Amino acid sequence: MKLLQACPYYTMFPLDFPLAWLRKARPGEWVLDPFCGRGTTLYAARLLGLPAAGVDISPVAAAIADGMLAAGTPEEVRAWARELLREGEARDLPQGEFWELAYHHRTLEAIARLREGLMRDGKGPAARLLRVILLGRLHGPLRKGAPSYLSNQMPRTFAPKPAYAVRFWKARGLRPPEVDPLALLSRVIPRFLQDLPPPVPGRAVCGDARHVDFLELGGPYDWVITSPPYWGMRTYVADQWLRHWFLGGPPHVVYRYEGQIGRGSAESYAGALRQVWLRAAEACRPGARLVVRFGALPSQNDPEPLELLRASLRDTPWRIRWVWRAGSPDRGRRGARGFLPNPRPAVEEIDVLARWVG
């Protein structure tokens, strides 16, 4: 289970949530997560030997999730990193005060070579695993001893905005350490690839779940296990802008990302989710199960989560069978604790089981 910890991603539900459901699955049953995030559902399916597919609108999330289905040995992944560093080019190095303070210039050149190589030839299993591990090491805290991250002092889960980061580093006199990416990778790769479960059929792709043909990824599906973006949730891409750059995005913050479900009125949000549930139903067998962990951001006047979810399931083949309070002893920890701002309390999350009844 170490691979799931390779790249911290702060909007994620715990592994025991999908595992508890998928232990009821029969061998060979396909699993779908149309809002797959970092791929927790996909990794749970892999642990149980079940084929799985996922989709996410965020390029960062989709890249991490795709790695959750990849297979490779530490030696293969390390060799791929060594080859990219030896043969890659450091083209289009980002310029400016942020980049000068975020990374030592030789470290940034090495990161750029790895970036260019993975953008050019990054579809193989070793490359997919290397990408996940590098995304997780791209920024993080400074610690004593051998560096654990490639950057100056930063959080692990999100990248600070450039102006704030520059002020922070200058006020504390923090300079970026020179980090050898290959030496760092040689230390962490064996840890994250320890006890890697056997591969299973499946894919994770970046896309809008309202328009993806899920059957092109696998299936037909017997399980849909997911947690949609809560209504009012802002795009995650702005908070993941450095990882987005590493995947080929621009070297600056993107504050708006088209296609993000969660914006607009409650009615438009429910309608957008309905499109996803209908698309998923088209790819599922009759009798398939839809399991949703669902909640909402704190607000006095917002509809209750169950009300929103019921509205989204209206006029679809899915019928709600059970509703639980998320965080019950047999349903795992609450996913909202990782990203809702303090001290505002989180709305109670719910776990909902629906069945495809035609």
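Any read-out appearing in this document is the output of simple, stated calculations on the displayed coordinates, not a laboratory observation. Just so it is clear, the model here is predicted, and its values are computed rather than measured. Please note: Cβ atoms are built from the backbone with ideal geometry, for glycine as well, and neighbour counts cover all protein chains shown.
So the values come out like this:
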read-out: Mean Cα-pair separation over length for the chain, i.e. relative contact order, pairs under 8 Å, 6 or more apart, %; value: 21 percent
read-out: Candidates Ala280, Ala90, Ala71: whichever shows maximal mean-square fluctuation once the chain is modelled as a Gaussian network with Cα springs under 10 Å; value: Ala90
read-out: Degrees separating the helix 266-282 axis from the principal Cα axis of the chain, which is the longest one; value: 80 degrees
read-out: Least to most buried among Leu196, Leu69, Leu150 (fewest other Cβ within 10 Å first); value: Leu196, Leu69, Leu150
read-out: Cβ-based net charge around Asp56, under 11 Å, with every Lys or Arg adding one and every Asp or Glu removing one; value: -2
read-out: Cβ-defined net charge surrounding Gly287, 9 Å radius [Lys, Arg +1; Asp, Glu -1]; value: +2
read-out: Cβ-based exposure ranking for Arg172, Arg263, Arg293, Arg187, in which fewest neighbours within 10 Å come first; value: Arg172, Arg187, Arg263, Arg293
read-out: Counted charge near His139, where neighbours are those whose Cβ lies closer than 10 Å (Asp, Glu -1; Lys, Arg +1); value: +3
read-out: Farthest positive-ward along the stretch 74-192 dipole, Cα basis, beta-carbon charges - from Gly96, Leu185, Pro160; value: Pro160
read-out: Relative contact order of the stretch 74-192, defined on C-alpha pairs under 8 angstrom at six or more residues apart (%); value: 32 percent
read-out: Residues Arg210, Arg310, sorted so that the one with the fewest Cβ neighbours within 10 Å comes first; value: Arg310, Arg210
read-out: At most 13 other Cβ within 10 Å, DSSP loop - trypsin sites (Lys or Arg not before Pro), the stretch 1-97; value: Arg23, Lys24, Arg91
read-out: The chain, helix-only ellipticity at 222 nm - DSSP H runs n ≥ 4, -39,500 (n - 2.57), divided by all residues, nearest 500; value: -10500 deg cm²/dmol
read-out: On Cα atoms only, tilt of 105-120 relative to the major axis of the chain in degrees; value: 40 degrees
read-out: Nonlocal amide H pairs with Trp30, under 5 Å, H built at 1.01 Å; value: Asp222, Trp223
read-out: Cα-based helix-to-principal-axis angle, 125-137 vs the chain, degrees rounded to 10; value: 80 degrees
read-out: Computed magnitude of the charge dipole of the chain (debye, nearest 20; Cβ of K, R +1, Cβ of D, E -1); value: 840 debye
read-out: Choice from Glu116, Glu304, Glu29 with maximal GNM fluctuation in the chain (Cα, 10 Å cutoff); value: Glu304
read-out: Assigned charges on the beta-carbon of Lys, Arg, Asp, Glu; the stretch 74-192 dipole about Cα centre (debye); value: 560 debye
read-out: Sequence-separation-based contact order of the stretch 1-45, relative, with Cα cut under 8 Å and 6+ spacing, percent; value: 51 percent
